[in-house]
1. Before we move on, is Lys57 at pLDDT 85 or above and in a loop (DSSP other than H, G, I, E, B)?
2. Filter region 32-68 down to residues that are within 9 Å of the ligand (Cβ to nearest atom) and of a type outside the set (Gly, Ala, Ser), then give me how many there are.
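The values are calculated or read from the model by the stated rules, or taken from the named source; none is laboratory data. Remember, it's a predicted structure, so these values are computed and weren't measured experimentally. For neighbour counting, all protein chains shown are included, and Cβ atoms are generated from backbone atoms with ideal geometry for every residue, glycine included.
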Amino acid sequence: MSGCIKLRLRLRLKLYQLEIAFDKGDYQTPTCVACGVKMVQRQGKGGSFWGCRHYPKCKVTMARAAQVLDERRI
Ligand SMILES: [Zn+2]
């Protein structure tokens, strides 16, 4: 019985670590300040930029050069 719980806890920890690893791997993608979702790369006249996933409902965009400034959530 208790061994089963231990295994579950261990699995949970593994998943948690994977989640963190995934999040770290995705650190270059900024998050929309309005929706809190990851933004997507879009192509415009002036080059590529970050746009909200919920466009056209949400019109938040971000210049790609400014993406480092958005890494304050850590
Ligand atoms: Zn948005």
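1. yes
2. Residues in region 32-68 being within 9 Å of the ligand (Cβ to nearest atom) and of a type outside the set (Gly, Ala, Ser): 13 in total.
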